[in-house]
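The values are calculated or read from the model by the stated rules, or taken from the named source; none is laboratory data. Just so it is clear, the model here is predicted, and its values are computed rather than measured. All Cβ positions, glycine included, derive from the backbone under ideal geometry; neighbour counts span all protein chains shown.
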Amino acid sequence: MRLFWRNGFDGTSINDLAEAMNINPPSLYSAFGDKRSLFAEAVQAYLAGPGQCAAQALEATTAREAVEQLLAGAVQTFTQPSCPTGCMVVLAATCCSPESLDIAATLATQRRYFEQAIHVRLRRGQDNGEVPSDVNVESLAAYVVIVYQGLALAARDGSSREDLQQVLKHVMQAWPGAA
């Protein structure tokens, strides 16, 4: 998972994967079928591991708390010293070759599911009076996802945790209805 997270799909070779797993390439093919299948498993491992804080955050008491916890968790995960920087689902397909467009499409679908989950949480918050009724929660969800993706890219480009936490402060000051 970490190799794909750090290097992306195209930047990770079968030999890299076999070496990291301390097996030979034929054993890798025997165990996983092919690189695409292994990548799919790695994405699921990421979502169940480092990426799970996103789903957990959406269970917060209020919509604002959910978004704040989501983005704060992202900052923590994206800048964790023991892990590659950024978000695997955001960054693993940013440099896909034409031969890997199916991988990019799969990850784009995963990101759309993520945006839809945020939209549902914001709609619930709007229904509960936590988000002003005149706010377009679909565009607010898109905004949150764009900030999330920007945090992933900034972390990959070397922004510090402290810098990203300052960005998060500004983002939350722009929350609808914030004074």
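When Leu101 is evaluated against the numbered criteria (1) among the aliphatic types (A, V, I, L, M); (2) under 17 Å from Val43 (Cα atoms); (3) buried (at least 18 other Cβ atoms within 10 Å of the Cβ), which criterion, by number, is the only one it fails?
For Leu101, the exception is condition (3).
What number goes with the only condition from (1) surrounded by 13 or more Cβ atoms within 10 Å (Cβ to Cβ); (2) over 16 Å from Pro50 (Cβ atoms); (3) touching a residue at least 24 places away in the same chain (Cβ under 8 Å) that Leu151 does not pass?
Exception for Leu151: condition (2).
Only one residue in Ala108, Ala93 is modelled with pLDDT under 95, closer than 25 Å to Phe9 by Cβ and buried (at least 19 other Cβ atoms within 10 Å of the Cβ), so which one is that?
Within the list Ala108, Ala93, the selection yields Ala93.
Looking at the structure I just gave you, is Ser37 of a type in the set (Ser, Thr, Tyr), in a helix (DSSP H, G or I), more than 19 Å from the chain's Cα centre (by Cα) and farther than 22 Å from Ala104 by Cβ?
no
Taking interchain pairs and intrachain pairs at least six residues apart, which have beta carbon atoms under 7 angstrom, with the first residue in region 1-26 and under 16 Å from Cys83 (Cα atoms) and the second of a type in the set (Gly, Ala, Ser) and at pLDDT below 90?
Pairs that qualify, where the first residue is under 16 Å from Cys83 (Cα atoms) and the partner is of a type in the set (Gly, Ala, Ser) and at pLDDT below 90, are Phe4/Ala92; Trp5/Ala92; Gly8/Ala92; Gly8/Ala93.
Any residue at all in region 13-23 that is crowded, with 19+ Cβ neighbours inside 10 Å and within 16 Å of the chain's Cα centre (by Cα)?
Checked region 13-23: no residue is crowded, with 19+ Cβ neighbours inside 10 Å and within 16 Å of the chain's Cα centre (by Cα).
Restricting attention to helices (runs of 4 or more DSSP H) lying wholly within region 53-160, give those where 2 or more residues are acidic (Asp, Glu).
In region 53-160, the matching helices (runs of 4 or more DSSP H) lie at 63-78, 101-127.
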